[in-house]
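These notes are about the structure you will find just below.
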Amino acid sequence: MMQSDIYNVNVGPIHPSTHGGLHAEAVMDGEIIQDVIVHLGYVHRSVEKIAESKTYQQFVPYTARLDYLATNLPVLGYCQAVEKLLGIEVPERAEYIRIIMAELSRIASHQIAISATGIDLGATTGLMYGMRDRERIMNIFEMTGGQRLLSSYIRIGGVGADIPDEFIPAVQSFVNDIPKMMDEYNGLMTGNEIWEARMKGVGILSKEDAVKYGVTGPNLRASGIAYDIRKAEPYGIYDRFDFDIPARSGGDSLDRWNIRIEELGESGRIIQQALDNLPEGEVKAKIPKVLKAEAGTEVYHRIESAKGELGYYIVSDGGNKPYRLHVRAPSFINLMVLPLVCRGGVFQDLITNIATLDPILGESDR
Amino acid sequence: MVLETKNDQLNDVEELAGNNILVTTFEKLWNWGRSWSFWPLNYGCNCCPIEVMAAGAGRFDQARFGYEVVRAVPRQADLLTVAGPITLKMKPAIERVWAQMPEPKWVIAMGNCAVSGGPFKDGYSVLPGVDSIIPVDVYIPGCPVRPEALFHGMLELKKKVQQGEYRRS
Amino acid sequence: MEHLFTNLATALTGWMITLGLSPVWADVILLLVKWIIIITIITLNIIILIWLERKVSAFFQERLGPNRLGPFGIFQTIADAIKLLTKEDIVPSAADKLIFKTAPMFFIVVAVMLYTVIPMGQGMEVINLNIGLLFFISMGSLSTIALLMAGWGSDNKWSLMGAVRSVAQMISYEIPLAFSLLGVVMISGSLNLQDIVAAQDNIWFVILQPIAFLTYFIAATAELNRGPFDMPEAEQELTGGAYTEYTGMRWALFFLAEYTNLVAVSALMATVFLGGWQGPWLPSWLWIIIKTYGVILVFFWVKWTFPRIRMDHLMSFSWKVLVPVSLGNILLTGAGIYFCQWMGWC
Amino acid sequence: MNGQGLIKGLGITLKHFFQKEITEQYPDVMPELATRFRGCLQFEFEKCIACGICVNSCPNNVLSFETEKSENSKKKKLLSYTIDFQYCMFCNLCVEGCPKDCLHFDHDFELSTFSRDDIKRVYLRPAEMDEEKEADAAPVQDEQESKEQKQIDAMLKALQKNPQKILAKMLEQEEDIGILSELMQSNEKTAGKIAELLVKDKEKAAKVAAGFVTKEKKNRLQAEKGGEE
């Protein structure tokens, strides 16, 4: 028999396909991956520690910098956690606006996932089409929050300001075009034989393993468990909307990819309903300038972010700053299955798996 | 092929310039070529790389300036776009990538994280700006930087290169 | 117009003989002149091609592409070339220096050699070899060695992986490439490219040999290391593949050689399947340019649409699909020729 | 299957090949920015009352200022205001917190510099402001000047309370008077200027007032246009 020669290849931390600062050390035998050692911490910016020195309001902009692809989702989670801690009621109109912004963020995040998978697998044109459609969401963010990417529009107690007049037509036309976009991504990439060959049966994550590792979000749903916090434990006003949770059973890369495309459509449905029922009224609750929670109170609030279950655990010691803040980052936990799904595959599967697991290192390393 | 890789050599070239017109003409030609062809190596770990991606995509199109040949390898890159905070763990990687790039090479610090540590300046694991480890040519403040602002930074760098300013510490 | 270049060549030879040179020496000098012309054509072609690829890819992606330097950004490649010329030349200390340095030169020389036999018009070629097609295929396969040299000499894991991949890929696709051309050779009965062009007087071989045309196109894409078969470079995976450690002009030589190969292979495709320089109204040398560029545009189109194929699929596709199909095509062609002869049609 | 997907993909890219490009030509054509776009943080020195709300609300210590206590009054005197822009997160918290609207984001995003020190902005106390304030603080100054100052102050108060009456002397059209009076009440700076001119030179005041009116009309027209778009 041939003697096997094991060698290690360092993918990252500076590598075009590692979505930021991921360092995956592949233990290879020829082109076959024996194991993957995931090195984390290259983007560790000590956000949780910084939170302890900022007031509740001051920490809001930092949360956007955790998952910067779906900007409004981590902000929404944090604001809702603080509102839960302090018992703040959010006005009806603000709730609806928040839903629209959150779902737009989810679409933006999935579009980045789609584009990045495209370029990681060598389909550069896929990247361009995904980014082109995402620019329309960026325009909507800019008109509401003033910034393209990190708009910090959602605030504790509501949203920063009321929506401008041009907001509703822009969102409406975007929602109308979502099916067209999905067709285009499917036509260019999903239906392509090369694409299918690279994704089908690659990086299979079984139902049991997914549960064992605590994987959440689209990756879990691709493994066959239709679990979504928006349905399982509705936060905000998600219980008022009618939408489906797409789920697949294979658990391979193609399923993870398909789930993300299908979720674009579901998010579109939610936005449509929110637009139709948008009430008039205030957009921000009247809250004191200095927010203080009672000493010893703690709260855990979780939302369905674009990557999975995003949770905030806040402990208060009575001051205007959190005593301890912990973020349950979905990317961190989803990334842990990377060695599991890569073993036995060829080197190119590592790239496919990183792309379809869609980790965000800013959130994972914090 | 004459190559001025060090400062003292550059000074020699400048001295020569007084006597020899050819050298200055070539210098101008080279600077012209270099300034129109920054091939970037993008380092990024935060929000700004997403804007770098957007800058390359259809709406903004970095290719108009000829700067779209994004290299994955430092050996073929001219411009290191640092877009993100430099953590203590990332520092050696950045230093190594910078050392691997061939001269002449430039650095753009894109976004407040790269300029100064930005939002995370209070963090225990973040360096106060990329200029604490490598020399930076253009600083682009912003959080995150708009693609147009990135272009503005690159065009500023182009002006700088065309004027023949080339400093290395 | 038609005989512009051939007349020029005859006039040049005649002029040299009147100067007192023996006809043998005049031929040798003419050969040199032809080489210089070839190299000029290659350089010009590459400058246009790189610009064209950037423009075409931009249009596929709803972008504009380079448009600021000169009209439609046509001088962009020149600026890039000037920059690459003046970059620092790094040879890694751990590299096998001789192999590292010679690899790019070897690559480009092999690529330029391909042009020797391509008929660029009626009676326009550097050497009219009677085994032209064989020469082309054998020269084309030599570039594998250059890539292996680059990968080995760099002493870098990415480079070696890229090189090993490219060797496996190019050797595997060499076979269907040669087999797909065999059908044409059987019909025309010659390995001389001028003869093959002449044989397409009535009907292009793309109509007689559609399967061979398709297999040739796929195998040629793989031979050229172009997307979706760009394994050796594979930026998103291998960061730069075999070229990872190369800087400045050395890297540019690889790049130039790739484009040179692209033109050569497309020109061969036009010659063998699309009637070569034959065509109405326009002079023959213009026809071959038009056809070659048409083929190149299809190469661009394919590259900027498809994702990259996986290495093991690539190999199995060659051995399990392309080789049997091209062998079947040879059988079919043979049967067809026998049938024709039996019927007395040819 | 069997290559249909490949052909479909080729069809999609070919369709886009002939479509119009979506590229914006930035340096030649400036981008259309949303009204709320946050480019560069600007500070208006004259309005600031040095309350420190902005400094407290900023998450990242971008803002800082120096004050000096005046000898005769309890009011703090602002000496300099610093925006260390390299730490800014563009979160808008300072702008929302400011009670006097001294801070605002403009639409300038071309902020690239060659040196890190250039990013920091320091606003020093403008010289004219000191002269005014000193006159205010120390009444032992030149008598005539202080008298004039008093007149100006009185005029300013009157202007802000009941502008129609005074302005009727300067302007003829009723519509213009309405516009200007609104302007006087909303904008302290212009009101101050008009008041000063009214005391010193009435003819000039009328001219300046007319200028203000036309400018304001233009602004409103533009705002209307912008709203329609």
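Observations on the model:
- Rg to Rh, two decimals, where the range C:91-343 supplies the alpha carbon set and Rh follows Kirkwood: 1.00
- A:Asp276-C:Leu30 pseudo-label distance in nm [points 7 Å out on the Cα-to-Cβ vector]: 8.2 nm
- In plain terms, the bigger the Kirkwood radius, the slower the diffusion; for chain A, with that radius from Cα pairs, at 37 °C and 0.692 mPa s, Stokes-Einstein puts D at 156 µm²/s.
- Across the range C:55-66, computed HN-Hα scalar couplings (Karplus, 6.51 cos²θ - 1.76 cosθ + 1.60, θ = phi - 60°) run 5, 5, 4, 5, 5, 4, 9, 6, 10, 9, x, x Hz from first to last residue, x flagging Gly and Pro.
- Cα gyration tensor shape of the range A:262-344, rounded if a/c is under 1.5, else prolate or oblate by comparing a/b with b/c: oblate
- Angle between chain A longest axis and helix A:347-357 axis [Cα atoms, degrees, rounded to 10]: 20 degrees
- Between amide H atoms placed 1.01 Å from N, distances below 5 Å from B:Trp106 occur with B:Leu79, B:Leu80, all of them 5 or more places distant or on a separate chain.
- Peptide-level mean, for B:152-158, of C-beta atoms on other protein chains within 10 Å: 3
- Cα gyration tensor, the range B:39-154 - rounded (a/c under 1.5), prolate or oblate: oblate
- Exceeding the 29 Å Cα-Cα cut-off - candidates A:Lys207/C:Lys157; A:Lys289/D:Lys77; B:Lys160/D:Lys215; B:Lys160/D:Lys120; A:Lys49/B:Lys158; B:Lys158/D:Lys47: A:Lys207/C:Lys157; B:Lys160/D:Lys215; A:Lys49/B:Lys158; B:Lys158/D:Lys47
- Shielding by other protein chains, C:76-85, mean Cβ within 10 Å: 6
- Theoretical FRET efficiency, 1/(1+(r/R0)^6), r = Cβ-Cβ of D:Ser115 and A:Lys292, R0 41 Å, to 0.05: 0.45
- Its DSSP H runs of at least 4 residues, each contributing -39,500 (n - 2.57), put the calculated 222 nm mean residue ellipticity of the protein assembly as shown at -17000 deg cm²/dmol, to the nearest 500.
- Across the range A:168-173, computed HN-Hα scalar couplings (Karplus, 6.51 cos²θ - 1.76 cosθ + 1.60, θ = phi - 60°) run 5, x, 5, 5, 4, 5 Hz from first to last residue, x flagging Gly and Pro.
- A cut-off of 5 Å between modelled amide H atoms, ignoring neighbours fewer than 5 places along the same chain, links A:Arg324 with A:Val315.
- Inter-chain Cβ neighbour average for residues A:8-19, partner chain, 10 Å: 5
- Using C-alpha pairs under 8 Å with a sequence gap of at least 6, the mean separation divided by the residue count of chain A gives a relative contact order of 26 percent.
- Computed from phi, the 3J(HN,Hα) profile of the range A:195-210 under the Karplus parametrisation 6.51, -1.76, 1.60 (θ = phi - 60°) reads 4, 4, 5, 6, 10, 5, x, 9, x, 6, 10, 6, 4, 5, 5, 4 Hz, with x in place of Gly and Pro.
- Links that overshoot a 18 Å alpha carbon limit, given the list B:Lys89/B:Lys121; A:Lys54/A:Lys284; A:Lys180/A:Lys231; A:Lys307/B:Lys91; A:Lys84/A:Lys321: A:Lys54/A:Lys284; A:Lys180/A:Lys231; A:Lys307/B:Lys91
- Angle of helix A:253-276 to the longest C-alpha principal axis of chain A, folded into 0 to 90 degrees and rounded to 10: 20°.
- Remark on the protein assembly as shown: Rg and Dmax equal 34.2, 128 Å (Cα only).
- Put in order of Cβ neighbour count within 10 Å, fewest first, the listed residues A:Ile204, A:Ile14 become A:Ile204, A:Ile14.
- Rounded to 10°, Cα long-axis angle of helix A:92-120 versus longest principal axis of chain A: 20 degrees
- Taking all Cα-Cα distances within the range A:200-283, those exceeding 21 Å account for 37%.
- Cα gyration tensor, the range C:254-338 - rounded (a/c under 1.5), prolate or oblate: oblate
No value in this document is a laboratory result; all are computed from the given coordinates. Note that the coordinates shown come from a computational prediction; the quantities given were computed from them, not determined experimentally. Positions of Cβ are generated from backbone atoms using ideal geometry, with glycine treated the same way; all protein chains shown enter the neighbour counts.
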